[in-house]
Structures are given as structure tokens and as C-alpha cells.
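S.K.: Okay, handing you the structure first.
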Amino acid sequence: SSVFANPKTEVKNLLKQHNKAMQEHNIERVKTFYSDNYISSDGFDIADMEDMLKKTYSSYKNIKYKTKITNLTVNDNWALVQMTDKSKAKVYPNNDKKYKDKAGYLRGESVYNVYLTKDKNEWKIIYDEILAEETSLRYGIAKKIDMELNTPVFIKNGGDYDLSLKMKKPDNVIALGSISREEITYPVKDYTEKFRKIPESGDLERLVKANDKNLGEYAIASVGFSTVSVNQEATKARIQIVGMAYLMKRINMEKIPPKHIKKEALVENKK
């Protein structure tokens with residue numbers, strides 16, 4: 001880059017190229033934008049990120065990303081960028097596009113900070129942190145049903161918190177749902193779901209306990225929709241699954257300020 005290059009323009013161009021490589025599912029190229037010392041706020045390194053991208057691209061072959069810079073601060077050799085990201089994909093059963101009406105819709109949105117440093121005259125991403133993130137995958141009638149997963153914004157290490165799922169449930173449909181939480185680690189741990197019948201009000205609630213390892217968590221809701229039809233002789237009931245939904249929302253762990261700051265703040269407040 002020229003001596004007179006504008007650092008803001010350099011950073012913007014780099015992030016544009018990064019997004020292009022993500023769109024093209026070119027993982028080797030994506031990796032070139034990161035410093036060897038890169039780590040995410042969740043503690044993931046480049047190898048973890050590569051693994052996650054491989055899994056994402058193989059599960060969602062047509063996934064598309066749309067990123068936008070909302071704020072950009074650049075110094076001589078470091079930059080902080082706040083970004084938003086929208087992702088979407090169609091998921092066909094058995095990867096067969098014949099079943100277009102059975103396709104599931106994946107939708108994701110996130111807000112995050114990216115930190116870059118200038119190394120040997122090149123900008124590299126050294127750290128990033130996700131401030132907010134929501135993802136949903138819906139099949140069948142779930143694509144048309146309003147659903148909302150409610151969570152706190154922050155949780156306390158080892159503390160209790162409430163999760164709730166609200167929806168406008170159609171009258172003639174039975175809905176079974178489960179709500180759970182999992183800490184954000186990699187590889188992802190398996191968790192067991194306990195499905196319960198969702199009442200006519202369409203609300204499901206659960207009190208859960210946060211991890212005590214200072215890790216962020218995902219709140220996860222899974223819902224299955226079915227109808228029951230009975231034949232004319234009323235001897236046989238046919239249960240048909242007419243929709244599925246998975247909703248996921250990130251909850252960040254509250255960062256505890258150093259002890260001396262707290263004490264001074266308390267003294268300030270008493271004055």
C-alpha cells in the first residue's frame with residue numbers, strides 16, 4: 001500500500017475482501033485476513049474458526065452474508081470496527097431442490113466488534129467479540145408463525161435466569177416445545193431436550209442456571225407443530241408434522257470490573 005494510503009480506506013477494503021471470501025466459501029482466503037495470534041472473545045482460535053466455517057458451509061451450501069460497517073475508529077496501527085451481519089440460507093430436505101415447498105429458512109443477525117492491528121504494513125484481524133446474535137431455522141407452517149425467544153441481555157456467573165418463548169399459536173395445531181441453554185464452547189457439547197406441550201396461550205417459560213466458568217451462553221428453543229386428523233369411523237388418528245422451528249439467541253456473561261474500580265465507584269456514590 002502507498003505511504004499516503006488512508007488507513008480507514010485500507011481497513012474498509014480489507015473487510016470488503018474478507019466478506020467476499022466468506023460469500024465464496026473460500027476458507028483458505030478467509031484465514032489470510034487474521035493474525036496468527038487471533039482469538040475471539042469466546043476463546044476460539046483460527047483452527048476453531050476454520051472448523052466452524054467448514055461445518056456451516058457443508059450444512060448450508062447456499063448461505064449468503066451481508067455485512068455492514070456501523071462504526072470505524074482507526075489509529076496509526078490499530079483499528080476498532082463495529083459491524084452488523086445478516087445471513088440467510090435455504091435448507092432442502094436431503095439436499096434435493098425438488099422439494100422447494102419443504103425447504104427450511106435459516107436467518108441470522110449479529111452485531112460485533114472487530115479489532116485489527118497493522119503488522120508488517122498489513123492489517124490483520126486480531127480479536128472479535130459478538131455483542132448480540134440471533135438465529136432461526138424454520139420449516140413448514142413455522143415459517144408463518146410469529147415466535148419470540150426472550151432472554152436477559154447479560155447473565156451473572158452461576159446465577160439463575162428466565163427464558164421464555166412466546167408465539168401466536170394457530171388454534172388447530174398442537175405445539176410441542178423445549179427451551180434450554182448451553183454454554184458457548186467448541187466443539188459444541190450435546191444437550192438433551194425435554195419437550196412439553198405448549199399451552200393455548202402460546203407461552204413456554206423456564207428458569208435455568210448459568211454456567212460458573214464466565215462463558216457466554218446460547219438460549220435455544222425447539223418447537224414442533226403437528227395436526228391430528230381422525231378417519232370417519234373414528235378408529236384411526238393420523239398425526240402429521242406440519243412444521244419445525246429452532247431459535248437461538250446469544251446471552252453474554254457480565255464482565256466484572258476489577259475490584260479497585262468498584263470500591264472507588266462506591267466511594268464516589270456516597271458523596
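The values are calculated or read from the model by the stated rules, or taken from the named source; none is laboratory data. These numbers come from a predicted model, not from an experiment. Here the Cβ is made from the backbone with ideal geometry for all residues, glycine too, and neighbour counts use every protein chain on show. All accessible areas refer to the heavy atoms of the entire protein, side chains included, with ligands and DNA or RNA removed. Shrake-Rupley method; radii C 1.70, N 1.55, O 1.52, S 1.80 Å.
S.K.: Under the condition of being more than 18 Å from the chain's Cα centre (by Cα) and within 15 Å of L14 (Cα to Cα), which residue from the stretch 72-85 is surrounded by the most Cβ atoms within 10 Å (Cβ to Cβ)? Step through it out loud before you land on a result.
M.R.: Step one: filter the stretch 72-85 for residues more than 18 Å from the chain's Cα centre (by Cα), giving 72-81.
Restricting the remaining residues to those that are within 15 Å of L14 (Cα to Cα) gives 72-74, 77-81.
On the way: L72: 16, T73: 11, V74: 19, N77: 12, W78: 14, A79: 24, L80: 15, V81: 22.
So, considering only residues that are more than 18 Å from the chain's Cα centre (by Cα) and within 15 Å of L14 (Cα to Cα), the one surrounded by the most Cβ atoms within 10 Å (Cβ to Cβ) is A79.
S.K.: Right, next: So which of G216, G202 is farther than 30 Å from S41 by Cα and surrounded by 10 or more Cβ atoms within 10 Å (Cβ to Cβ)?
M.R.: Answer to the selection: G202.
S.K.: Look through D76, D42 and report the one residue that is of a type outside the set (A, V, I, L, M, F, W, C) and out of contact with any Gly (no Cβ under 8 Å at 6 or more places or on another chain). Working first, answer last.
M.R.: On the way: D42 fails: out of contact with any Gly (no Cβ under 8 Å at 6 or more places or on another chain).
None of the others qualify; the one that does is D76.
Here is a yes/no grid of residues against (1) at pLDDT 95 or above; (2) of a type outside the set (A, V, I, L, M); (3) buried (at least 17 other Cβ atoms within 10 Å of the Cβ); (4) assigned to a helix (DSSP H, G or I):
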residue	(1), (2), (3), (4)
Q17	yes, yes, no, yes
R29	yes, yes, no, yes
A47	yes, no, no, yes
D51	yes, yes, no, yes
K54	yes, yes, no, yes
K61	no, yes, no, no
Y65	no, yes, no, no
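S.K.: Of a type outside the set (F, W, Y), out of contact with any Asp or Glu (no Cβ under 8 Å at 6 or more places or on another chain), under 30 Å from E148 (Cα atoms) and surrounded by fewer than 17 Cβ atoms within 10 Å (Cβ to Cβ): is that true of K88 in this structure? Write out each step before concluding.
M.R.: Working: of a type outside the set (F, W, Y): yes; out of contact with any Asp or Glu (no Cβ under 8 Å at 6 or more places or on another chain): yes; under 30 Å from E148 (Cα atoms): yes; surrounded by fewer than 17 Cβ atoms within 10 Å (Cβ to Cβ): yes.
Yes.
S.K.: Would the stretch 233-243 turn up any residue that is under 22 Å from the mean Cα position of the chain (by Cα) and closer than 30 Å to F154 by Cβ? Don't jump to the end; show me each part of the working.
M.R.: Filtering the stretch 233-243 for residues under 22 Å from the mean Cα position of the chain (by Cα) gives 243.
Those left that are additionally closer than 30 Å to F154 by Cβ: none.
Taking every residue of the stretch 233-243 in turn, none turns out to be under 22 Å from the mean Cα position of the chain (by Cα) and closer than 30 Å to F154 by Cβ.
S.K.: Pick from the stretch 186-195 the residues that are surrounded by 11 or more Cβ atoms within 10 Å (Cβ to Cβ) and free of Cβ contacts under 8 Å to residues at least 40 places away in the same chain: which of them is farthest from L165 (Cα to Cα)? Please lay out each step first, then the result.
M.R.: Of all residues in the stretch 186-195, those surrounded by 11 or more Cβ atoms within 10 Å (Cβ to Cβ) come to 186, 188, 191, 193, 195.
From what's left, free of Cβ contacts under 8 Å to residues at least 40 places away in the same chain: 188, 191, 193, 195.
Values: V188: 23, Y191: 19, E193: 15, F195: 13 Å.
The qualifying residue farthest from L165 (Cα to Cα) is V188.
S.K.: Oh, and also: For residues that are among the polar types (S, T, N, Q) and in contact (Cβ under 8 Å) with a residue 12 or more places away in the chain, scanning just the stretch 221-258, find the one that is surrounded by the most Cβ atoms within 10 Å (Cβ to Cβ).
M.R.: Filtering the stretch 221-258 down to residues among the polar types (S, T, N, Q) leaves 222, 226-227, 229, 231-232, 235, 240, 252.
Next, from what is left, pick out any that are in contact (Cβ under 8 Å) with a residue 12 or more places away in the chain: 222, 226-227, 240, 252.
Working: S222: 18, S226: 15, T227: 15, Q240: 10, N252: 20.
Result: N252.
S.K.: Quick one: how many residues across the stretch 138-185 are modelled with pLDDT of 95 or more, basic (K, R) and open to solvent by less than 50 Å² (accessible area, probe 1.4 Å)?
M.R.: Counting residues in the stretch 138-185 that are modelled with pLDDT of 95 or more, basic (K, R) and open to solvent by less than 50 Å² (accessible area, probe 1.4 Å) gives 1.
S.K.: Give me the strands (runs of 3 or more DSSP E) completely within the stretch 78-172, filtered to those with at least 2 residues that are closer than 30 Å to Y38 by Cβ and in contact with a strand residue (DSSP E or B) (Cβ under 6 Å, 6 or more places away or on another chain), ordered by residue number. It would help to see each step written out before you state the result.
M.R.: Details: elements: 78-91, 104-119, 122-140, 147-150, 160-167.
Answer list for the stretch 78-172: 78-91, 104-119, 122-140.
S.K.: Within the stretch 1-15, restricting attention to residues that are part of a loop (DSSP other than H, G, I, E, B) and among the hydroxyl-bearing types (S, T, Y), which residue is surrounded by the most Cβ atoms within 10 Å (Cβ to Cβ)?
M.R.: Going through the stretch 1-15, the residues part of a loop (DSSP other than H, G, I, E, B) turn out to be 1-6.
Within this subset, residues satisfying the condition of being among the hydroxyl-bearing types (S, T, Y) are 1-2.
Numbers: S1: 13, S2: 6.
Selected residue: S1.
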